[in-house]
Amino acid sequence: MKILQVGLGNNPGGMEAFVMNYFRELARQGVSFDFVSMYGTIAYEKEILELGGRVFYVPNIKKDYFGYIKAFRKLLSREKYDVVHVNMLSAANIVPLRLAKQAGVRKVIAHSHNASAPGIVRKLMDGVNRPRMKHYVNEKFACSEKAGRWLFGDKAFERGEVTLVANAIETDKYGFSESNRRKIREKLGISWDALVVGHVGRFQVQKNHEAILRIFHEIQRKEPAARLCLIGDGELKEQIQEQAKKAGVLDKIIFTGVCQDVERYLSAMDVFLFPSLFEGLPFTLLEAQANGLPCVISDRITGEAVLSRENVTMISLAESPEKWAEAVFKMKEAGRIEREEAARRLAEAGFDIHKEGQKLMLLYGR
(Lines give C-alpha, C1' and ligand atoms only; values in the text may rest on other atoms or scores of the structure.)
Protein backbone atom coordinates (compact mmCIF):
# COMPACT_ATOMS: atom_id res chain seq x y z
CA MET A 1 0.00 0.00 0.00
CA LYS A 2 1.45 3.35 -1.05
CA ILE A 3 0.62 6.20 1.34
CA LEU A 4 1.38 9.90 0.89
CA GLN A 5 1.32 12.22 3.91
CA VAL A 6 0.58 15.88 3.20
CA GLY A 7 0.63 18.94 5.44
CA LEU A 8 3.73 18.65 7.62
CA GLY A 9 5.62 21.87 8.21
CA ASN A 10 9.25 22.60 8.96
CA ASN A 11 8.65 23.28 12.66
CA PRO A 12 7.74 20.18 14.71
CA GLY A 13 4.34 20.55 16.35
CA GLY A 14 1.31 18.44 17.19
CA MET A 15 0.38 17.61 13.61
CA GLU A 16 3.93 16.54 12.83
CA ALA A 17 4.02 14.52 16.06
CA PHE A 18 0.85 12.68 15.04
CA VAL A 19 2.27 11.54 11.70
CA MET A 20 5.66 10.61 13.10
CA ASN A 21 4.26 8.63 16.03
CA TYR A 22 2.26 6.47 13.64
CA PHE A 23 5.12 6.26 11.14
CA ARG A 24 7.55 5.00 13.80
CA GLU A 25 5.07 2.36 14.89
CA LEU A 26 4.13 1.20 11.40
CA ALA A 27 7.72 1.27 10.12
CA ARG A 28 8.48 -1.57 12.56
CA GLN A 29 5.98 -3.61 10.55
CA GLY A 30 7.46 -2.72 7.17
CA VAL A 31 5.00 0.04 6.29
CA SER A 32 6.45 3.16 4.71
CA PHE A 33 5.12 6.66 4.15
CA ASP A 34 6.01 9.21 1.52
CA PHE A 35 5.87 12.89 2.42
CA VAL A 36 5.34 16.00 0.31
CA SER A 37 6.34 19.43 1.56
CA MET A 38 6.20 22.94 0.13
CA TYR A 39 8.86 24.20 2.54
CA GLY A 40 12.63 24.11 2.08
CA THR A 41 12.85 21.52 4.82
CA ILE A 42 10.39 19.26 6.59
CA ALA A 43 10.27 18.48 10.30
CA TYR A 44 11.92 15.16 11.21
CA GLU A 45 13.41 14.74 7.72
CA LYS A 46 16.50 12.89 8.93
CA GLU A 47 14.39 10.41 10.89
CA ILE A 48 11.92 10.01 8.03
CA LEU A 49 14.72 8.94 5.72
CA GLU A 50 16.22 6.63 8.36
CA LEU A 51 12.84 4.91 8.72
CA GLY A 52 12.68 4.29 4.99
CA GLY A 53 10.36 7.14 4.06
CA ARG A 54 10.79 9.45 1.12
CA VAL A 55 10.38 13.24 1.01
CA PHE A 56 9.32 15.12 -2.11
CA TYR A 57 9.45 18.91 -2.34
CA VAL A 58 7.07 21.08 -4.34
CA PRO A 59 6.95 24.89 -4.73
CA ASN A 60 5.26 26.89 -1.99
CA ILE A 61 1.65 27.39 -3.06
CA LYS A 62 1.65 30.95 -1.69
CA LYS A 63 4.59 31.92 -3.89
CA ASP A 64 4.05 29.75 -6.97
CA TYR A 65 0.48 28.48 -7.21
CA PHE A 66 0.73 26.96 -10.66
CA GLY A 67 4.18 25.52 -9.98
CA TYR A 68 2.78 23.82 -6.87
CA ILE A 69 -0.09 22.28 -8.85
CA LYS A 70 2.18 21.10 -11.66
CA ALA A 71 4.68 19.45 -9.30
CA PHE A 72 1.98 17.85 -7.15
CA ARG A 73 0.16 16.44 -10.18
CA LYS A 74 3.40 15.04 -11.53
CA LEU A 75 4.12 13.31 -8.20
CA LEU A 76 0.65 11.76 -8.03
CA SER A 77 0.82 10.60 -11.66
CA ARG A 78 4.23 9.00 -11.21
CA GLU A 79 3.77 7.30 -7.83
CA LYS A 80 0.17 6.05 -8.11
CA TYR A 81 -0.71 6.32 -4.41
CA ASP A 82 -3.42 4.20 -2.80
CA VAL A 83 -3.93 6.73 0.01
CA VAL A 84 -3.37 10.49 0.21
CA HIS A 85 -3.68 11.60 3.83
CA VAL A 86 -3.97 15.40 4.05
CA ASN A 87 -3.31 16.69 7.58
CA MET A 88 -5.07 20.03 8.08
CA LEU A 89 -5.12 22.86 10.61
CA SER A 90 -7.90 24.53 8.58
CA ALA A 91 -9.52 24.32 5.16
CA ALA A 92 -7.48 27.27 3.87
CA ASN A 93 -5.67 24.98 1.39
CA ILE A 94 -7.74 22.15 -0.08
CA VAL A 95 -5.77 21.95 -3.33
CA PRO A 96 -4.07 18.62 -2.37
CA LEU A 97 -7.51 17.07 -1.83
CA ARG A 98 -8.72 18.21 -5.24
CA LEU A 99 -5.58 17.06 -7.03
CA ALA A 100 -5.68 13.63 -5.35
CA LYS A 101 -9.34 13.21 -6.34
CA GLN A 102 -8.58 14.20 -9.94
CA ALA A 103 -5.67 11.74 -10.04
CA GLY A 104 -8.01 8.88 -9.14
CA VAL A 105 -6.49 8.10 -5.74
CA ARG A 106 -8.56 5.35 -4.07
CA LYS A 107 -8.70 6.96 -0.63
CA VAL A 108 -8.44 10.72 -0.12
CA ILE A 109 -8.44 11.69 3.57
CA ALA A 110 -9.01 15.13 5.10
CA HIS A 111 -7.80 15.05 8.72
CA SER A 112 -8.74 17.86 11.13
CA HIS A 113 -6.07 18.57 13.74
CA ASN A 114 -7.44 21.87 15.04
CA ALA A 115 -10.56 23.57 16.38
CA SER A 116 -10.15 27.12 15.07
CA ALA A 117 -8.29 29.10 12.42
CA PRO A 118 -6.20 32.14 13.40
CA GLY A 119 -5.88 35.09 11.04
CA ILE A 120 -8.46 36.88 8.89
CA VAL A 121 -7.24 35.53 5.54
CA ARG A 122 -7.14 31.94 6.76
CA LYS A 123 -10.61 32.25 8.26
CA LEU A 124 -11.98 33.63 4.99
CA MET A 125 -10.38 30.84 2.95
CA ASP A 126 -11.55 28.31 5.50
CA GLY A 127 -15.15 29.48 5.15
CA VAL A 128 -15.03 29.35 1.35
CA ASN A 129 -13.39 25.93 1.14
CA ARG A 130 -15.24 23.90 3.75
CA PRO A 131 -18.35 23.25 1.62
CA ARG A 132 -16.14 22.25 -1.33
CA MET A 133 -14.21 19.55 0.53
CA LYS A 134 -17.03 17.02 0.30
CA HIS A 135 -16.49 16.82 -3.47
CA TYR A 136 -12.90 15.61 -3.05
CA VAL A 137 -12.67 13.38 0.03
CA ASN A 138 -14.02 9.93 0.82
CA GLU A 139 -12.76 9.83 4.42
CA LYS A 140 -12.99 12.46 7.15
CA PHE A 141 -10.65 12.05 10.15
CA ALA A 142 -10.39 14.19 13.28
CA CYS A 143 -8.28 14.11 16.43
CA SER A 144 -11.29 14.94 18.63
CA GLU A 145 -15.02 15.55 18.46
CA LYS A 146 -14.42 19.29 18.73
CA ALA A 147 -11.97 19.25 15.82
CA GLY A 148 -14.30 17.09 13.75
CA ARG A 149 -17.34 19.29 14.27
CA TRP A 150 -15.31 22.44 13.60
CA LEU A 151 -13.91 21.43 10.20
CA PHE A 152 -16.63 19.14 8.86
CA GLY A 153 -19.73 20.50 10.58
CA ASP A 154 -22.13 19.22 13.21
CA LYS A 155 -24.37 17.42 10.71
CA ALA A 156 -21.49 15.45 9.18
CA PHE A 157 -20.29 14.47 12.64
CA GLU A 158 -23.74 13.41 13.83
CA ARG A 159 -24.30 11.35 10.66
CA GLY A 160 -21.19 9.36 11.59
CA GLU A 161 -19.14 10.60 8.65
CA VAL A 162 -16.17 11.62 10.82
CA THR A 163 -13.77 9.00 12.18
CA LEU A 164 -11.86 9.89 15.33
CA VAL A 165 -8.21 8.89 15.06
CA ALA A 166 -6.39 9.19 18.36
CA ASN A 167 -3.33 11.37 18.87
CA ALA A 168 -1.61 8.28 20.21
CA ILE A 169 1.82 8.27 21.85
CA GLU A 170 4.39 5.79 23.06
CA THR A 171 3.35 5.88 26.71
CA ASP A 172 6.48 4.20 28.09
CA LYS A 173 8.70 6.83 26.51
CA TYR A 174 7.06 9.66 28.45
CA GLY A 175 6.95 8.00 31.86
CA PHE A 176 8.53 9.89 34.76
CA SER A 177 12.25 9.35 35.31
CA GLU A 178 14.05 10.42 38.47
CA SER A 179 17.34 10.22 36.58
CA ASN A 180 16.11 12.56 33.83
CA ARG A 181 14.78 14.96 36.44
CA ARG A 182 18.17 15.20 38.08
CA LYS A 183 20.17 15.46 34.85
CA ILE A 184 17.99 18.12 33.22
CA ARG A 185 17.88 20.26 36.36
CA GLU A 186 21.65 20.05 36.61
CA LYS A 187 21.96 20.95 32.93
CA LEU A 188 19.70 23.99 33.34
CA GLY A 189 21.20 25.09 36.64
CA ILE A 190 17.96 24.62 38.59
CA SER A 191 18.05 23.61 42.24
CA TRP A 192 16.47 20.33 43.26
CA ASP A 193 13.68 21.93 45.31
CA ALA A 194 12.79 24.88 43.03
CA LEU A 195 9.30 24.99 41.53
CA VAL A 196 9.54 24.46 37.76
CA VAL A 197 6.51 25.36 35.68
CA GLY A 198 6.71 24.09 32.11
CA HIS A 199 5.06 24.50 28.73
CA VAL A 200 5.60 22.82 25.36
CA GLY A 201 4.33 24.49 22.21
CA ARG A 202 5.05 26.70 19.24
CA PHE A 203 5.39 30.40 19.89
CA GLN A 204 2.19 31.43 18.10
CA VAL A 205 -1.07 33.11 19.09
CA GLN A 206 -2.89 29.83 19.71
CA LYS A 207 -0.62 28.80 22.57
CA ASN A 208 -1.18 32.07 24.48
CA HIS A 209 2.35 32.66 25.75
CA GLU A 210 1.35 36.16 26.86
CA ALA A 211 -0.98 34.61 29.43
CA ILE A 212 1.80 32.25 30.51
CA LEU A 213 4.00 35.28 31.25
CA ARG A 214 1.25 36.97 33.28
CA ILE A 215 0.62 33.82 35.28
CA PHE A 216 4.31 33.23 35.89
CA HIS A 217 4.72 36.83 37.07
CA GLU A 218 2.18 36.07 39.81
CA ILE A 219 3.94 32.80 40.65
CA GLN A 220 7.22 34.71 40.99
CA ARG A 221 5.68 37.17 43.43
CA LYS A 222 4.87 34.32 45.82
CA GLU A 223 7.82 32.06 45.07
CA PRO A 224 10.86 33.99 43.74
CA ALA A 225 12.90 30.79 43.27
CA ALA A 226 10.38 29.44 40.73
CA ARG A 227 11.47 28.89 37.13
CA LEU A 228 9.55 28.74 33.85
CA CYS A 229 10.68 26.31 31.15
CA LEU A 230 9.36 27.05 27.64
CA ILE A 231 10.01 24.38 25.02
CA GLY A 232 9.47 25.22 21.37
CA ASP A 233 10.12 27.82 18.70
CA GLY A 234 8.09 30.08 16.45
CA GLU A 235 7.48 33.52 15.03
CA LEU A 236 6.46 35.09 18.36
CA LYS A 237 9.45 33.91 20.39
CA GLU A 238 11.40 37.17 20.26
CA GLN A 239 8.28 39.15 21.11
CA ILE A 240 7.64 36.97 24.16
CA GLN A 241 11.27 37.33 25.25
CA GLU A 242 10.96 41.11 25.01
CA GLN A 243 7.77 41.06 27.08
CA ALA A 244 9.47 38.86 29.69
CA LYS A 245 12.32 41.36 29.86
CA LYS A 246 9.92 44.27 30.44
CA ALA A 247 8.13 42.27 33.14
CA GLY A 248 11.44 41.60 34.89
CA VAL A 249 11.21 37.80 34.68
CA LEU A 250 13.42 37.04 31.67
CA ASP A 251 16.26 35.73 33.86
CA LYS A 252 13.81 33.30 35.48
CA ILE A 253 12.74 31.75 32.17
CA ILE A 254 14.49 29.00 30.25
CA PHE A 255 13.91 29.03 26.49
CA THR A 256 15.07 25.63 25.27
CA GLY A 257 14.10 25.92 21.61
CA VAL A 258 12.88 22.78 19.84
CA CYS A 259 13.81 19.61 21.76
CA GLN A 260 13.90 16.06 20.45
CA ASP A 261 13.87 14.73 24.03
CA VAL A 262 10.82 16.50 25.49
CA GLU A 263 10.14 13.54 27.77
CA ARG A 264 13.34 14.26 29.75
CA TYR A 265 12.29 17.87 30.33
CA LEU A 266 8.81 16.84 31.44
CA SER A 267 10.40 14.83 34.25
CA ALA A 268 12.23 17.99 35.38
CA MET A 269 8.96 19.96 35.68
CA ASP A 270 6.57 20.18 38.62
CA VAL A 271 3.48 21.61 36.91
CA PHE A 272 2.49 21.78 33.24
CA LEU A 273 0.83 25.09 32.25
CA PHE A 274 -1.34 25.14 29.11
CA PRO A 275 -3.64 28.20 28.68
CA SER A 276 -4.30 27.69 24.94
CA LEU A 277 -6.89 29.78 23.12
CA PHE A 278 -7.96 26.76 21.06
CA GLU A 279 -6.77 23.22 20.36
CA GLY A 280 -7.78 20.09 18.49
CA LEU A 281 -6.47 17.53 20.94
CA PRO A 282 -2.99 18.57 22.11
CA PHE A 283 -0.23 15.97 22.04
CA THR A 284 1.79 17.82 24.63
CA LEU A 285 -1.00 17.55 27.19
CA LEU A 286 -1.17 13.79 26.64
CA GLU A 287 2.60 13.55 27.00
CA ALA A 288 2.51 15.54 30.23
CA GLN A 289 -0.17 13.23 31.63
CA ALA A 290 1.84 10.18 30.55
CA ASN A 291 4.61 11.67 32.68
CA GLY A 292 2.15 11.95 35.57
CA LEU A 293 2.58 15.74 35.69
CA PRO A 294 -0.03 17.89 37.40
CA CYS A 295 -1.55 20.16 34.72
CA VAL A 296 -3.32 23.52 34.73
CA ILE A 297 -5.12 24.05 31.41
CA SER A 298 -7.63 26.38 29.77
CA ASP A 299 -11.31 25.57 29.40
CA ARG A 300 -10.90 25.82 25.61
CA ILE A 301 -9.35 22.35 25.54
CA THR A 302 -11.58 19.37 24.83
CA GLY A 303 -12.39 17.16 27.79
CA GLU A 304 -11.29 14.16 25.70
CA ALA A 305 -7.70 15.20 26.44
CA VAL A 306 -8.18 15.09 30.23
CA LEU A 307 -7.38 11.59 31.50
CA SER A 308 -6.35 12.23 35.10
CA ARG A 309 -8.95 14.51 36.60
CA GLU A 310 -7.45 14.51 40.07
CA ASN A 311 -4.30 16.22 38.84
CA VAL A 312 -5.62 18.25 35.90
CA THR A 313 -7.31 21.57 36.65
CA MET A 314 -9.27 23.33 33.90
CA ILE A 315 -9.69 27.10 34.29
CA SER A 316 -11.51 29.75 32.29
CA LEU A 317 -9.31 32.17 30.37
CA ALA A 318 -11.51 34.90 31.85
CA GLU A 319 -10.04 34.19 35.29
CA SER A 320 -7.24 36.41 36.61
CA PRO A 321 -3.53 35.47 36.51
CA GLU A 322 -3.73 35.30 40.32
CA LYS A 323 -6.36 32.55 40.11
CA TRP A 324 -4.23 30.64 37.63
CA ALA A 325 -1.17 31.00 39.88
CA GLU A 326 -3.17 29.69 42.84
CA ALA A 327 -4.14 26.65 40.78
CA VAL A 328 -0.48 26.03 39.90
CA PHE A 329 0.51 25.99 43.56
CA LYS A 330 -2.43 23.74 44.41
CA MET A 331 -1.57 21.27 41.66
CA LYS A 332 2.06 21.20 42.72
CA GLU A 333 0.89 19.92 46.09
CA ALA A 334 -1.23 17.25 44.37
CA GLY A 335 1.94 15.69 42.99
CA ARG A 336 2.51 13.23 40.18
CA ILE A 337 0.50 10.16 39.32
CA GLU A 338 2.52 6.95 39.44
CA ARG A 339 4.19 5.93 36.17
CA GLU A 340 2.33 2.63 35.72
CA GLU A 341 -1.04 4.19 36.52
CA ALA A 342 -0.46 7.06 34.08
CA ALA A 343 0.40 4.60 31.27
CA ARG A 344 -2.67 2.48 32.05
CA ARG A 345 -5.01 5.46 31.81
CA LEU A 346 -3.67 6.54 28.43
CA ALA A 347 -3.96 3.02 27.04
CA GLU A 348 -7.53 2.62 28.29
CA ALA A 349 -8.49 5.96 26.73
CA GLY A 350 -7.15 4.84 23.35
CA PHE A 351 -3.91 6.82 23.24
CA ASP A 352 -1.40 3.93 23.13
CA ILE A 353 0.35 4.00 19.74
CA HIS A 354 0.95 0.23 19.69
CA LYS A 355 -2.80 -0.42 19.56
CA GLU A 356 -3.85 2.61 17.53
CA GLY A 357 -1.31 1.97 14.76
CA GLN A 358 -3.13 -1.19 13.77
CA LYS A 359 -6.44 0.66 13.68
CA LEU A 360 -5.05 3.27 11.30
CA MET A 361 -3.86 0.60 8.89
CA LEU A 362 -7.33 -0.93 8.87
CA LEU A 363 -8.79 2.51 8.10
CA TYR A 364 -6.37 2.95 5.22
CA GLY A 365 -7.37 -0.41 3.78
CA ARG A 366 -11.14 -0.29 4.17
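The values are calculated or read from the model by the stated rules, or taken from the named source; none is laboratory data. Quick caveat, the model's predicted, so the values are computed rather than measured. Reconstructed Cβ throughout: ideal geometry from the backbone, glycine too, with neighbour counts over all protein chains shown. Note: areas computed on protein heavy atoms with side chains; ligands, DNA, RNA excluded. Shrake-Rupley method; radii C 1.70, N 1.55, O 1.52, S 1.80 Å.
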Among the residues listed as Ala318, Ala325, the single one being aliphatic (A, V, I, L, M) and surrounded by 24 or more Cβ atoms within 10 Å (Cβ to Cβ): Ala325
query: If you scan the stretch 328-345, which residues turn out to be closer than 13 Å to Phe176 by Cβ and either in contact with a strand residue (DSSP E or B) (Cβ under 9 Å, 6 or more places away or on another chain) or buried (at least 21 other Cβ atoms within 10 Å of the Cβ) (or both)?
result: Ile337, Ala342, Ala343
Failed criterion for Ile69 (all others in (1) over 28 Å from Glu161 (Cα atoms); (2) open to solvent by 10 Å² or more (accessible area, probe 1.4 Å); (3) out of contact with any helix residue (DSSP H, G or I) (no Cβ under 8 Å at 6 or more places or on another chain) hold): (3)
query: Can you name every residue in the stretch 1-35 that is assigned to a strand (DSSP E or B) and closer than 16 Å to Leu51 by Cα?
result: Ile3, Leu4, Gln5, Phe33, Asp34, Phe35
query: Does any residue in the stretch 309-336 that is among the polar types (S, T, N, Q) come within less than 8 Å, Cβ to Cβ, of a residue that is surrounded by fewer than 18 Cβ atoms within 10 Å (Cβ to Cβ) six or more places away or on a different chain, and which pairs are these?
result: Asn311/Ala334; Asn311/Gly335; Asn311/Arg336; Thr313/Lys330; Ser316/Asp299
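Residue-by-condition table, conditions (1) open to solvent by less than 40 Å² (accessible area, probe 1.4 Å); (2) over 21 Å from Lys359 (Cα atoms); (3) at pLDDT 95 or above:
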{"residue": "Lys2", "(1), (2), (3)": "no, no, yes"}
{"residue": "Val6", "(1), (2), (3)": "yes, no, yes"}
{"residue": "Gly14", "(1), (2), (3)": "yes, no, no"}
{"residue": "Phe23", "(1), (2), (3)": "yes, no, yes"}
{"residue": "Phe33", "(1), (2), (3)": "yes, no, yes"}
{"residue": "Leu49", "(1), (2), (3)": "no, yes, yes"}
{"residue": "Arg54", "(1), (2), (3)": "no, yes, yes"}
message: If Leu293 satisfies all but one of (1) buried (at least 22 other Cβ atoms within 10 Å of the Cβ); (2) over 12 Å from Val200 (Cβ atoms); (3) of a type outside the set (Phe, Trp, Tyr), what's the number of the condition it fails?
response: (2)
task: Out of the residues in the stretch 151-183 that are assigned to a loop (DSSP other than H, G, I, E, B) and among the aliphatic types (A, V, I, L, M), state the one that is farthest from the chain's Cα centre (by Cα).
output: Val165
task: Considering every residue within the stretch 254-269, establish whether at least one is aliphatic (A, V, I, L, M), outside any helix (DSSP H, G or I) and modelled with pLDDT under 95.
output: yes
- request: Could you tell me which residue of the stretch 224-249 is least open to solvent (accessible area, probe 1.4 Å), considering only residues that are more than 22 Å from Gly14 (Cβ to Cβ) and either touching a residue at least 60 places away in the same chain (Cβ under 8 Å) or under 26 Å from the mean Cα position of the chain (by Cα) (or both)?
  value: Ala244
Filter result for the condition that a residue is open to solvent by 50 Å² or more (accessible area, probe 1.4 Å), in contact (Cβ under 8 Å) with a residue 12 or more places away in the chain and of a type in the set (Val, Ile, Thr), over Val105, Val205, Val162, Val200: Val205
field: Failed condition for Pro96, given (1) surrounded by fewer than 16 Cβ atoms within 10 Å (Cβ to Cβ); (2) under 30 Å from Val205 (Cα atoms); (3) touching a strand residue (DSSP E or B) at 6+ places or on another chain (Cβ under 8 Å)
entry: (1)
